[in-house]
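Step one of this worksheet: look at the structure below.
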Amino acid sequence: KQIKKIVAIGGGEIGRPGYPVETTKIDLEIKRLTGKKKPKLLFIPTASNYSDFYVAVVKKHFGKLGFIVDVLYTLRVKKTKKELENAVFSSDVIYVGGGNTLRMMNHWRKIGLDKILTKAYNKNIVLSGVSAGAICWCKYGNSDSRKTSSGNSLIRVRGLGLLNLLLCPHYDKENNRKKSLKEMMKRTSGYAIALDNCAALKVVDGVAEIITSKKTAAGYRAYWKKGKYYCERI
């Protein structure tokens, strides 16, 4: 039986120099969901423009946790549809990194990776990622993709729509997220899930729960009802 599995992480460090490792507990849950001792993890670093530095940090962190890490580059090297499918479908875990969500989604759609990742959802592969890599699995995300030095207006970005909700990452770490989410939900039907750093939305076969790697981290459900805004801790 194919089980649909998503772990969308709101934020958190994985050990770049000078920073702690914060999401280990969540990352080990991703590993557990594969049911394998040495699961194959495919890191997709589109959002960070394929930063070699980020790739090295991911390889080190997940390598330590017992994953076999491979990286899917699609900007520097043109890949055929077959090559993309082979890379994605031979993995146990897809882990999408943080960065510019809008640029990433546009690129995926251009090369057809959006459709391949959507198919992976039905192939028992754990779909996961942090920040942009959490938004991408949802219908929409609250994203800083248009952030400039002059202003940091957050925009609504369309993801793959596997989860029918709007996702807001870094809820506790970035002050403008709360106000922006409240405004954004005025013109977005349904509800949003807001995640603190070190909190993740885990959805297995339609059953959702918040998991955390830090006691103080939390997830929230946000929505408008009869002209009133609600943001409830889950």
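Would it be correct to say that residue 60 is touching a residue at least 40 places away in the same chain (Cβ under 8 Å), in a helix (DSSP H, G or I) and more than 18 Å from the chain's Cα centre (by Cα)? So residue 60 passes the test. For region 45-52, indicate whether the set of residues that are among the charged types (D, E, K, R) and either under 13 Å from the mean Cα position of the chain (by Cα) or farther than 20 Å from residue 134 by Cα (or both) is non-empty. Yes, that holds for at least one residue. Applying the selection to region 162-175, what residues are surrounded by fewer than 15 Cβ atoms within 10 Å (Cβ to Cβ) and not in a loop (DSSP other than H, G, I, E, B)? Listed by number, the list holds a single entry, 164. Exactly one residue out of 72, 41, 28 is within 24 Å of residue 138 (Cα to Cα), at pLDDT 95 or above, open to solvent by 70 Å² or more (accessible area, probe 1.4 Å) and not charged (D, E, K, R), and it is 28. Return the total of residues in region 86-104 being open to solvent by less than 10 Å² (accessible area, probe 1.4 Å) and not polar (S, T, N, Q). Residues flagged as open to solvent by less than 10 Å² (accessible area, probe 1.4 Å) and not polar (S, T, N, Q) within region 86-104 amount to 7.
Among residues of region 176-228 being of a type in the set (D, E, K, R) and part of a strand (DSSP E or B), the one that is nearest to the chain's Cα centre (by Cα) is 202. Can you name the residue in region 105-161 that is over 24 Å from residue 34 (Cβ atoms) and aliphatic (A, V, I, L, M) and, of all such residues, is most open to solvent (accessible area, probe 1.4 Å)? This residue is 111. Is there any pair with a first residue in region 211-234 that is exposed (fewer than 12 other Cβ atoms within 10 Å of the Cβ) and a second that is in a strand (DSSP E or B) and basic (Lys, Arg) whose Cβ atoms are under 6 Å apart and which are 6 or more apart or on different chains, and what are they? Pairs found: 232/221.
Scanning region 176-194 for residues that are basic (Lys, Arg) and open to solvent by 20 Å² or more (accessible area, probe 1.4 Å) gives 178, 179, 182, 186, 187. Residues that are open to solvent by 70 Å² or more (accessible area, probe 1.4 Å) and among the basic types (Lys, Arg) were ranked within region 2-25; the one that is farthest from residue 64 (Cα to Cα) is 4.
Only one of the numbered conditions (1) under 26 Å from residue 2 (Cβ atoms); (2) crowded, with 19+ Cβ neighbours inside 10 Å is violated by residue 81, and that is (2).
The values are calculated or read from the model by the stated rules, or taken from the named source; none is laboratory data. In this text the structure is predicted, and so the values were computed from the model without any measurement. Cβ coordinates were reconstructed from backbone atoms using ideal geometry, including for glycine residues, and neighbour counts include every protein chain displayed. Surface accessibility is based on the protein's heavy atoms, side chains included, excluding ligands, DNA and RNA. Shrake-Rupley method; radii C 1.70, N 1.55, O 1.52, S 1.80 Å.
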